[in-house]
Amino acid sequence: MITLDRDIIGLFGKMNSGKSSLMNLLSQQETSIVDATPGTTTDTKITLSEIHGLGPVKFIDTAGFNEAHDLGAKKREKSLAALKECDLILLVIDPSTSDYETERNIITEAQKFEKQLILIYNLFCEHDRSQLAKVEDLLGPLSNYHFVVLNALDVNDRQKLLDTILTNYVPRNFSFDLLPFIEPHEFYILNIPMDDETPFGRLLRPQAMAEAYIIRKWAFPVAYRMNLAKARAGDPEEQKRWLDFIASFKKRPLGIITDSQAIDILKSWAPVDMKLTTFSVMMINYMSRGRLMEFVNGIKVLNKLRSGDRILIAEACNHSRIVEDIGTVQIPQILKKRYPEIIVEHSFGREFMGDLMLKKYKLIIHCGGCMISNQRMTVRLYEIAKLNVPITNYGIFLSFMQGEHTLDRVVAPWLDSTSN
Ligand SMILES: Nc1nc2c(ncn2[C@@H]2O[C@H](COP(=O)(O)OP(=O)(O)OP(=O)(O)O)[C@@H](O)[C@H]2O)c(=O)[nH]1
Ligand code: SF4
Ligand SMILES: [Mg+2]
């Protein structure tokens, strides 16, 4: 038997908020019992369906989270188990109510399990529209979430709800081309200048991902270890080794993907007929699902910095740091040399600082984000975009520091190709 990999979409909220009515609206059947009695839905109810433009889905209607007593606790447990299973949480809010403890709990659980969440304001009557601002006052900041305002009993609102899901939900099997410019049967150079930070016995995740991708595309990855210290010292032997390597190909490689730290060398060593980009640029384009240009535009802030401006260097993990660590040593040094009057601060780890803290920065320079999920990265970018804080990343920063021409060159492969 073939089982379809379905996106799981769950309806959550207080009793009587209209979850079952929405379930029926979505599934276009009388799947769930709808009644004015609070607690009508006592167990999770599943419907298999198909959303045009998304594919097969499983809808889950749940019992309200806020029923009291023992039975309520059991129902809540069941609803929570369903929440963990979901890819998308639809939080149904009745704006005419005034206590949002339940909704707050659901948001907390959704955040804990890194779930995507869309708010559905279900208007029981048109007058409830005037209550929307109040919900945010009582429930707390909701600006990170997409929302839709509708009437669950109005069949005309079905399309509105589907459009909100289609526009804002990132499907579970969303695949994004890592290196869209790779052509089959062609050679690509991976420049990996190993240093003290390089783990023994394996490549770093972006390097391994690039290699695997190129092989999968029936192309040929060839790794090269550049000795950065010698290259920077102008050692002619090191340059000859590189030139010999390039000349050794019977068929000329079409491109080079390099560690961003070597861009100062490769901006002049990479033959002009070859594409040139960095692992870090590749990762941020991949993790942000193609929003590379936001990071490229962000770097332009550096041309307008003033004394006392703050820049945040953000890393999405807490890896062990060595003396020449890129985020804590190299980038701050470059920044301080070029812009001595600015203040450089750091953020490490999977949790990100709150809006108020982030707002004070003129620019965020982010790592490739390889240790967090695409979904978490998307949320992070969304939060930053809402605050209008420009963002860029390590690869773009290091390329820009070598001149705008170098930045244009490392970005060009993505502009030339049509990513899916
Ligand atoms: N006028 C109006 N009534 C609605 C709307 N949505 C739900 N209702 C009514 O509100 C009552 C509760 O709706 P349900 O869909 O059963 O709510 P629920 O969230 O599933 O409730 P429980 O299963 O008890 O947790 C029913 O009488 C619905 O007809 C709406 O948008 N407009
Ligand atoms: S999450 Fe960021 S800092 Fe951590 S290993 Fe990946 S790119 Fe480096
Ligand atoms: Mg119900």
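Only residues that are in contact with a Ser or Thr (Cβ under 8 Å, 6 or more places away or on another chain), of a type in the set (Gly, Ala, Ser) and within 13 Å of ligand 3 (Cβ to nearest atom) were counted in region 28-69, giving 3. Can you tell me which residues in region 14-23 are touching a residue at least 40 places away in the same chain (Cβ under 8 Å) and either more than 9 Å from ligand 3 (Cβ to nearest atom) or under 14 Å from Lys45 (Cβ atoms) (or both)? Residues satisfying the conditions are Lys14, Lys19, Ser20, Ser21, Leu22. Condition test on Thr97, is it at pLDDT 95 or above and either assigned to a loop (DSSP other than H, G, I, E, B) or surrounded by fewer than 16 Cβ atoms within 10 Å (Cβ to Cβ) (or both)? Here the answer is yes, as Thr97 does meet what is asked. Scanning region 9-23 for residues that are out of contact with any Cys (no Cβ under 9 Å at 6 or more places or on another chain) and closer than 23 Å to Val170 by Cα gives Leu11, Gly13, Lys19, Leu22, Met23.
If you go through region 271-287, how many residues are surrounded by 22 or more Cβ atoms within 10 Å (Cβ to Cβ) and outside any helix (DSSP H, G or I)?
Here is the first cut: in region 271-287, the residues surrounded by 22 or more Cβ atoms within 10 Å (Cβ to Cβ) are 276-287.
Retained after the next criterion (residues that are outside any helix (DSSP H, G or I)): 276-278.
Residues in region 271-287 being surrounded by 22 or more Cβ atoms within 10 Å (Cβ to Cβ) and outside any helix (DSSP H, G or I): 3 in total.
The set of residues in region 175-212 being modelled with pLDDT of 95 or more and hydroxyl-bearing (Ser, Thr, Tyr) consists of Tyr188 alone. Looking at region 192-267, the helices (runs of 4 or more DSSP H) lying wholly inside it that each contain 3 or more residues that are over 27 Å from Phe400 (Cα atoms) sit at 205-216, 236-247.
Identify, please: which residue in region 18-47 is among the aliphatic types (A, V, I, L, M) and outside any loop (DSSP other than H, G, I, E, B) and is, among those, nearest to Thr97 (Cα to Cα)?
Looking at the filtered set, the residue picked out is Leu22.
Residue-by-condition table, conditions (1) closer than 18 Å to Val148 by Cβ; (2) of a type outside the set (Ser, Thr, Tyr):
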{"residue": "Ser96", "(1), (2)": "yes, no"}
{"residue": "Glu101", "(1), (2)": "no, yes"}
{"residue": "Asn105", "(1), (2)": "no, yes"}
{"residue": "Glu109", "(1), (2)": "no, yes"}
{"residue": "Lys112", "(1), (2)": "no, yes"}
{"residue": "Leu117", "(1), (2)": "yes, yes"}
{"residue": "Tyr121", "(1), (2)": "yes, no"}
{"residue": "Glu126", "(1), (2)": "yes, yes"}
{"residue": "Gln131", "(1), (2)": "yes, yes"}
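From Val148, Val155, which residue is surrounded by fewer than 16 Cβ atoms within 10 Å (Cβ to Cβ) and closer than 23 Å to Gly55 by Cβ?
Val155
The values are calculated or read from the model by the stated rules, or taken from the named source; none is laboratory data. Keep in mind it's a predicted model, so treat the numbers as computed, not measured. When we count neighbours, we look across all protein chains shown, and the Cβ atoms used for this are built from the backbone with ideal geometry, even at glycine.
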